[in-house]
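To keep things clear, I will list the structure first and then write my remarks on it.
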Amino acid sequence: MWWDERVSARFRRNLQPTLTYWSVFFSFGLCIAFLGPTLLDLRCQTQSSLSQITWVFFSQQFCLLLGSCLGGVFKRTLAQSLFALFASSLAISLVFAIIPLCHNVVVLAVVMAVAGLAMGCIDTISNMQLVKIYQKDSAIFLQALHFFVGFGALLSPLIADPFLSDTNCILSNSTANASSNLPHIRKSLVPHHPGNLSHYDLPMKGMVVTRVSYAFWIMALINLPVPIAVFFLLYKERMVPCFNGSSHPLLSADELAMETRPVDKDELSTPGQRPQAAGGHDDLFSCCQSRNFRGASYTYFAVHVTGALVLFMTDGIVGEYSGFVYSYAVEEPLSVVHKVAGYLPSLFWGFITLGRLISIPVSYRMKPATMVFINVVGVLITFLLLLIFSSSVVFLFVGTASLGLFLSSTFPSMLAYTEDILQYKGCATTVLVTGAGIGEMVLQLLVGSIIHDRGSYSFLVCGMIFGCLAFTFYAFLVFFHRMYPKPSPELDDASPDKAAVPDDTGQYQR
């Protein structure tokens, strides 16, 4: 293997839980990308207007954010985390199976809200558990985790595509007039911004003819092995009530080897210290309790806030660019034909997935702080060049691919960097996941409003501003990292600045 033997041995000891968390994130990706391409067919299924159906986008995104905030609630024990992941991944399969039965837009919005809650829990818990297992070695495994969400996000539109309607799926007298515009309308739909499509007259009454149900049932079957994998991990850890024997499971050979190895001086801690080492990750609301603030320096809060703000901007750029690059391309001065412009979002997500795959080996050789620096500078330079060559269609495609590459590894690298600064203590994972979710939702809505008022050119200007802000917040994060107090044995145990005792055994924690 291309990494060293210590990391390789740690991976082998935690092979099943690591593969399980990666598979759960594939489930997350499968669910996050199907809604855009299928929204017109779901509009026909629910016989709703364009403005009504885009509320389904909002319900999913808002509840994804809510689920990210609440995900830390289930971190207190491994059993709670795994049961939450099992329920969430199973809920996603059920959502896929139920969607074809939703013939009312409100019911569909509620079902997608449930999917959003499940996705939010998966996002927080999977990141948190991998950080908890691998700690200082977590960067490479987080990069792999986020590759799987990109792979799922690429796969679900490909599954849906053969079942999408080529003509209007509600047959009426006006069907022929609207059918030729369907590909353009489908690519232009983004969360709650159908304003530029209001002049298209799509029928709401008539005979519904759509085959999109088959796509959802296929995705439900593809996702079904994921909750089964989580269940097997629960069974292995003796956490399934009906299969939980009275005797304690014997130590595995790897655990026995860890028991007999020499104990490092840093691992000789009091019994009260060890639980605290794993107890730094909470849900967002628990993080805000005053007991967590006692004895904390201002840099403790600054690291959380600046890290979250970097991801607020970068994940916001992902949301707004993927949502509006098509609309920007078809407007003047570029005026790209609809069919060609339709490849831009796919190109963007394809290079995000490729970048995450490349980042897996790179993250082993490069520090997370360096990777984040390259990412934010690359995003800034790409937007600057897109502005300079704003009349070039070729450079729009090149810039889209470049932007996907630079944005691909920002989240896992930032998470690994921030957790390392805080010595795997505090609320970094929960705060960063929540900040990224808020950014993706808020900036997409903000840019949609600005484009509607100021024109398509403001799309690139907004991206440049967000890139500048991301770089500025990253510079502040580096500054606060240098100011952050180094671990010291004299620090009080109750202080959030106290370095957690890293559980460097690589042993799966219960």
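The values are calculated or read from the model by the stated rules, or taken from the named source; none is laboratory data. Quick caveat, the model's predicted, so the values are computed rather than measured. So basically every Cβ, Gly included, is an ideal-geometry build from the backbone, and we count neighbours across all protein chains shown. All accessible areas refer to the heavy atoms of the entire protein, side chains included, with ligands and DNA or RNA removed. Shrake-Rupley method; radii C 1.70, N 1.55, O 1.52, S 1.80 Å.
Rounded if a/c is under 1.5, else prolate if a/b is larger than b/c, else oblate: which is the range 328-406, with a ≥ b ≥ c the root eigenvalues of its Cα gyration tensor? Oblate, because a/c is 1.5 or more while a/b does not exceed b/c.
Counting pairs of alpha carbon atoms under 8 Å apart in space and at least six apart in sequence, what relative contact order in percent does the range 296-487 give?
The normalised contact order for the range 296-487 reaches 44 percent.
Percent of Cα-Cα pairs more than 24 Å apart in the range 16-174, please. It works out to 37 percent of all Cα pairs.
Taking 0.36 nm per intervening residue step and subtracting the Cα-Cα distance, what contour gain separates residue 297 from residue 214 on full extension?
24.4 nm
Close amide H contacts of residue 297 (hydrogens built in the peptide plane, cut-off under 5 Å, sequence separation of 5 or more or a different chain): 497. Each residue of the range 55-62 is assigned a 3J(HN,Hα), and the resulting list reads 5, 5, 3, 5, 5, 5, 5, 5 Hz, derived from the Karplus form 6.51 cos²θ - 1.76 cosθ + 1.60 (θ = phi - 60°), x at Gly and Pro.
On the beta carbon distance between residue 389 and residue 87, with R0 = 45 Å, the FRET formula returns roughly 0.40.
For the pair residue 442 and residue 486, label points projected 7 Å from Cα toward Cβ lie 3.6 nm apart. Model label sites at residue 457 and residue 5, defined 7 Å from Cα along the beta-carbon direction, differ in position by 6.3 nm. Note on residue 228 and residue 449: the extension gain reaches 75.3 nm, defined as 0.36 nm multiplied by sequence separation minus the Cα-Cα distance. Extents of the range 296-487, taken as max minus min of Cα coordinates on every principal axis and listed largest first, are 58, 37, 25 Å. When the charge dipole of the range 296-487 is built from unit charges on Cβ atoms (+1 for Lys and Arg, -1 for Asp and Glu) and taken about the Cα centre, the candidate among 416, 402, 457 whose Cα reaches farthest toward its positive end is 416. Sorted on the mean count of surrounding Cβ atoms within 10 Å across their residues, most packed first, peptides 49-58, 118-127 read 118-127, 49-58.
The listed residues 340, 106, 230 rank as 106, 340, 230 when sorted by accessible area, largest first, using a 1.4 Å probe.
Distance between the modelled labels on residue 337 and residue 478, one decimal in nanometres: 4.6 nm (7 Å Cα→Cβ projection).
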